[in-house]
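One structure below.
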Amino acid sequence: MDITIKARAKINLALDVVSKREDGYHNLRMVMQTVYLHDQIVLKKAHKYPLKFVCSTPYLPVDERNLVYRAALYLKDTFKLPGGLFISLKKHIPISAGLAGGSSDCAATLSGINRMYNLGLSLNDLMEIGVKFGSDVPFCLLGGTAFAEGKGEILTPLPPHPPVSVIIGKPPVSISTSAVFKAFDSARHAKGPNIDCIISGIKKKDINGIASGFGNVLEDVSIHICPDIVKLKNIYMGSGAIGALMSGSGPSVFAYFSDQKHAWRAMKNVSLLMPHIRQFLTGTFNNTKRGFSF
């Protein structure tokens, strides 16, 4: 049986840094949201090799340096899975973009192998395994809308986000998350997001209320590395966006629009003024059952 899984991207409606931890990481408070932009993972049982992984993006590693390979190898070794496994990854989510593409691919692999081999792992079981590979992996397994604490692995599910048109724009720059946090630690801290406002807006299904609370304390630091971030935000807002914000450590910028007509107009304006920007018209996604659907 072949299994095909959509590994969906995430955006941060809010990202606040609470403190630096003794282990070098940071304690965070975030509101995270799944969107329709996704990679595609295909899993097949094989016999010619124990584990083979291929990817549509030629410069991505397909060995232990990739979270997909590492997650698959972990489950094969831990549960002594018989035979071989072939994994194919088709990339659509930009790399090093603040959209958790690698974490989502890892999460999809864990969930898919659990189903393929009938391992019987619960969502909580998978999330406990997933955090071994990255702090965003548990959220990518959970999906939907959630408030995140700790390094991002302590999750409180929130009610489904109301539907909204979303554009994601990605400047042609890759930003190191560790470099951004290092710069943040020595910089003047920006004003944090209004997380209570965002959660209240989600509960009331008020898009404007949600957008009014947007905030990301890493944004000012990342703008120094990639000035396109602020330019892109300004074009989206000037084209009628309800709100716009950098996701994660960047450099991707997402914007909310009341309808697709306004979103298309904004995309056209960016294409004219910043033709080097890669854009995606997407929307919020919620799986009320949580976890992956197959």
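All of the numbers you see were taken from the coordinates with simple rules; none came from a lab. Since the model is a prediction, treat every value here as computed from it, not as a measurement. Methodologically, a virtual Cβ is constructed for each residue, glycine included, from the backbone with ideal geometry; neighbour enumeration extends over all protein chains shown.
Just to confirm a number: summing +1 for Lys and Arg and -1 for Asp and Glu over residues other than Gly240 whose beta-carbon lies under 15 angstrom from that of Gly240, what do you get?
Numbers: positive: Lys233, Lys261, Arg265, Lys268; negative: Asp259.
For residues surrounding Gly240, the net value is +3.
Using a Förster distance of 22 Å, how high is the FRET efficiency between Lys45 and Asp77, based on the Cβ-Cβ distance and rounded to 0.05? With R0 = 22 Å, the Cβ-Cβ based efficiency is 0.85. The spacing between segment 183-240 and segment 109-180, judged by their C-alpha centroids, is 20 Å. Taking all Cα-Cα distances within segment 3-157, those exceeding 29 Å account for 16%.
A straight Cα-to-Cα reach below 21 Å connects Lys182 with the lysines Lys20, Lys151, Lys191, residues fewer than 8 places away in its own chain not being considered.
Among the trypsin sites (Lys or Arg not before Pro) in segment 6-75, those placed in a DSSP loop whose Cβ has at most 10 other Cβ atoms within 10 Å are Lys48, Arg65.
Between Arg290 and Asp63, full extension at 0.36 nm per residue minus the direct alpha carbon distance yields a gain of 78.8 nm.
Applying 1/(1 + (r/R0)^6) with R0 = 41 Å to the Cβ-Cβ distance of Asp196 and Asn234 gives a FRET efficiency near 0.95. For the pair Arg265 and Asp2, a Förster radius of 30 Å applied to the C-beta separation gives a FRET efficiency near 0.15, rounded to the nearest 0.05. Database remark: amide H of Phe53 closer than 5 angstrom to the amide H of Ile87 (H placed geometrically; neighbours at sequence offset of 5 or more, or on other chains; Pro and chain starts carry no H). With the biggest extent put first, the Cα atoms of segment 144-235 measure 36, 32, 21 Å across the principal axes. When GluC sites (Glu not before Pro) are flagged only if DSSP places them in a loop and at most 10 other Cβ atoms lie within 10 Å, the longest unflagged stretch of the chain comes out as 65-294. Where does the charge balance sit around Glu64 when Lys and Arg score +1, Asp and Glu -1, over other residues with C-beta under 15 Å from its C-beta? Once all neighbours under 15 Å are counted, the net charge is +2. The fraction of Cα-Cα pairs per 10 angstrom bin, counted from 0 for segment 221-294, comes to 18, 47, 24, 11, 0 percent, rounded to whole percents. Residue order for Cys226, Cys106, fewest other beta carbons within 10 angstrom first, comes to Cys226, Cys106. Listed by chain and number, the aspartates and glutamates whose C-alpha is less than 15 Å from the C-alpha of Lys205, apart from same-chain residues fewer than 8 away, are Asp196.
Here the chain is assigned +1 on the Cβ of each Lys and Arg and -1 on the Cβ of each Asp and Glu. Its dipole about the Cα centre then comes out at about 720 debye. Full extension of the chain between Tyr36 and Lys182 gives 49.4 nm of extra length, using 0.36 nm per residue less the Cα-Cα distance. Of the peptides 259-269, 204-214, the ranking by mean beta-carbon count within 10 Å, highest at the top, reads 204-214, 259-269.
What's the long-distance tail for segment 76-185, i.e. % of Cα pairs beyond 15 Å?
Details: 4322 of 5995 pairs.
Of the Cα pairs, 72 percent sit more than 15 Å apart.
The residue list Tyr25, Ala97, His47 was ranked by how far each Cα lies along the charge dipole of the chain toward its positive end, using unit charges on Cβ atoms, and His47 comes out on top.
A DSSP coil position with no more than 15 other Cβ atoms inside 10 Å describes the following trypsin sites (Lys or Arg not before Pro) in segment 141-188: Arg188.
May I ask for the net charge around Asp228, where only other residues with Cβ less than 12 Å from the Cβ of Asp228 are counted and Lys, Arg are +1 while Asp, Glu are -1? Could the numbers behind the result be given before it?
Numbers: positive: Lys170, Lys231, Lys233, Arg278; negative: none.
Cβ neighbours under 12 Å give a net charge of +4.
Beyond 24 Å, what share of the Cα-Cα pairs of segment 165-283 remains, rounded to the nearest whole percent? The share of Cα pairs beyond 24 Å in segment 165-283 comes to 27 percent.
Could you tell me whether segment 84-128 comes out rounded, prolate or oblate from its Cα gyration tensor? Rule is a ≥ b ≥ c as square roots of the eigenvalues, rounded for a/c under 1.5, then prolate if a/b exceeds b/c, otherwise oblate.
Numbers: a/c = 3.94, a/b = 1.54, b/c = 2.55.
Oblate shape, in that a/c is at least 1.5 and b/c is the bigger or equal ratio.
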